[in-house]
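**Student:** Take a look at the following structure, please.
The values are calculated or read from the model by the stated rules, or taken from the named source; none is laboratory data. Just so you know, these numbers come straight off a predicted model, no measurement behind them. Backbone-built Cβ (ideal geometry, glycine too); neighbour counts: all protein chains shown.
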Amino acid sequence: MDHFQYRGGILHAEDVPLPRIADKVGTPVYVYSRATLERHAQVFAAALEGAGNAPPLIAFAVKSNPNLAVLKVLQRQGFGADVVSGGELARALAADISPDKIVFSGVGKTRAEIEYALEQDIGQFNIESREEGRELAQLAADRGLVAQAALRINPDVDAGTHDKISTGKADNKFGVPLSRAADVFTELAALDGLSLRGVAIHIGSQLADLAPLETAFAKIGGLVETLRANGHRITHVDLGGGLGVPYRKGEVLPSPAEYGAMVKRMTADLDVALTFEPGRVIAGNAGVLLTRVVRVKEGVNDPFLIVDAAMNDLARPALYGAWHDFDAVAPDGRTMTANIVGPICETGDTFAMGRDTDAFVAGDLGVFRTAGAYGATMASSYNSRGFVAEVLVSEDDFAIVADRIAAAAIMDAERVPDWLA
Ligand code: LLP
């Protein structure tokens, strides 16, 4: 459930009519709903209450929506953060997320990033390789520190999602293959500088079925038994994120409650503290991309609805062929079939072909739904379009939580060297 609803024929974010935001901030603009973020956080946490032998750590996947105000909303809900770069770590800290609730994932943590995370005394490093584990142990030991860590396992499970967002198949770059996990664990657990306390997995994103997760959790359960039989003390298991969300009206995905029930069934005997890294399921439906129709151009078949948002603002359709519902802010009951495109000069800048949608004329406002996760964060300035503004709504109030960065400001950071002047 989200808080983007029609009232008096006008789409609102909570109590704010979207045209008011368009007038004040311009378009395109991402609009997030605080009440929706809070609701999703609470539903997810409630579904996992009682899982594991201690209150679970829910570490929001910062990559899905790193906006500081969004992080602050979730920090106030007791969430931690799953970060994958020094930049994300800095954001989590800036949002007052306590370092012990921060988990650091990613295959390419640089030496500088590891040092930064060690200095901040974060809660857990999710080590993705033998090589990374050795380096982390050395850097920690050199400073007389002990890094809390888990070993990320690649369980070789097909998550059944888009190839580009699958992370748990054997030939993906993530984690240590299950077949080598016991060996790598034994080597790393013996190193000074590391307290290797558990294992982690994350098999992919936008999972529409719980079965692959269940298979992966079963494999992890078996590994925990093996590791304990080998004499290791396993106190923590990180089950990652990945739960999908509906992108199309009428689409039904596994609910957080169903996910929670499955987690509890699969981990009942594990006797560990659990960590989760949800991103999309928290932020996805808590945001829309508000855009204005520039012009409606006749086409050979369907007309082209040219909007002022483009693939640089919302990359998912161009990158993954992803579907985002597109709705009028003030629908009049009429409909049309249209190709919805942005202004960028490549055919990839297409949000939808032959889409049945509300009727639009030039100047009308529309929204791409479910744009709160992997939206603004994946923006680029391609075609020198600058970066979109972001707004957070709370009841009848709203605030600009990220300024629009004009193309001119980006150009200001560039220099023509003297020898070319
Ligand atoms: N944990 C790790 C280690 C991850 O790599 C990810 C996502 C998550 C947690 C959060 O997954 P979620 O709960 O959001 O599914 N840009 C793509 C999605 C990439 C996801 C990458 N990793 C998209 O727009 O669909």
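**Student:** Counting residues that are free of Cβ contacts under 8 Å to residues at least 24 places away in the same chain and surrounded by 22 or more Cβ atoms within 10 Å (Cβ to Cβ), which strands (runs of 3 or more DSSP E) fully inside region 14-88 reach at least 1?
**Tutor:** Output list reads 80-83.
**Student:** Return the pairs, sorted by first residue and then second, in which the second residue is buried (at least 18 other Cβ atoms within 10 Å of the Cβ) and assigned to a loop (DSSP other than H, G, I, E, B), the first residue lies in region 346-362 and is acidic (Asp, Glu), the beta carbons are less than 7 Å apart, and the residues are 6+ apart or on different chains.
**Tutor:** Listed by first residue and then by second, the contacts come to 349/310; 349/311; 349/342; 358/331.
**Student:** Also, I was wondering about something else. Tell me yes or no: at least one residue of region 270-278 is surrounded by 13 or more Cβ atoms within 10 Å (Cβ to Cβ), in contact with a strand residue (DSSP E or B) (Cβ under 6 Å, 6 or more places away or on another chain) and among the β-branched types (Val, Ile, Thr).
**Tutor:** Yes, because at least one residue in region 270-278 is surrounded by 13 or more Cβ atoms within 10 Å (Cβ to Cβ), in contact with a strand residue (DSSP E or B) (Cβ under 6 Å, 6 or more places away or on another chain) and among the β-branched types (Val, Ile, Thr).
**Student:** Shifting gears a bit: For region 212-256, which residues satisfy the criterion of being within 16 Å of the ligand (Cβ to nearest atom), of a type in the set (A, V, I, L, M, F, W, C) and either at pLDDT below 95 or in a helix (DSSP H, G or I) (or both)?
**Tutor:** Selection gives 213, 216, 217, 220.
**Student:** Same structure, new question: Quick one: count up the residues across region 152-175 that are polar (S, T, N, Q) and part of a loop (DSSP other than H, G, I, E, B).
**Tutor:** Residues in region 152-175 being polar (S, T, N, Q) and part of a loop (DSSP other than H, G, I, E, B): 3 in total.
**Student:** Having 2 or more residues that are more than 16 Å from the ligand (Cβ to nearest atom) and surrounded by fewer than 14 Cβ atoms within 10 Å (Cβ to Cβ) is the bar; report the strands (runs of 3 or more DSSP E) wholly within region 364-421 that clear it.
**Tutor:** Values: elements: 365-368, 389-394, 397-402.
In region 364-421, the matching strands (runs of 3 or more DSSP E) lie at 397-402.
**Student:** Evaluate region 121-143: report whether one residue or more is within 13 Å of the ligand (Cβ to nearest atom) and charged (D, E, K, R).
**Tutor:** Restricting attention to region 121-143, the residues satisfying the condition of being within 13 Å of the ligand (Cβ to nearest atom) are 124-128.
With charged (D, E, K, R) added as a condition, the list becomes 128.
Checked against the condition, which is being within 13 Å of the ligand (Cβ to nearest atom) and charged (D, E, K, R), region 121-143 yields at least one hit.
**Student:** Out of region 189-205, which residues are at pLDDT 95 or above and either outside the structural domain of residue 161 (by TED's automatic domain parsing) or over 14 Å from residue 153 (Cα atoms) (or both)?
**Tutor:** Once the filter is applied, which keeps residues that are at pLDDT 95 or above and either outside the structural domain of residue 161 (by TED's automatic domain parsing) or over 14 Å from residue 153 (Cα atoms) (or both), region 189-205 yields 189, 190, 191, 192, 193, 194, 195.
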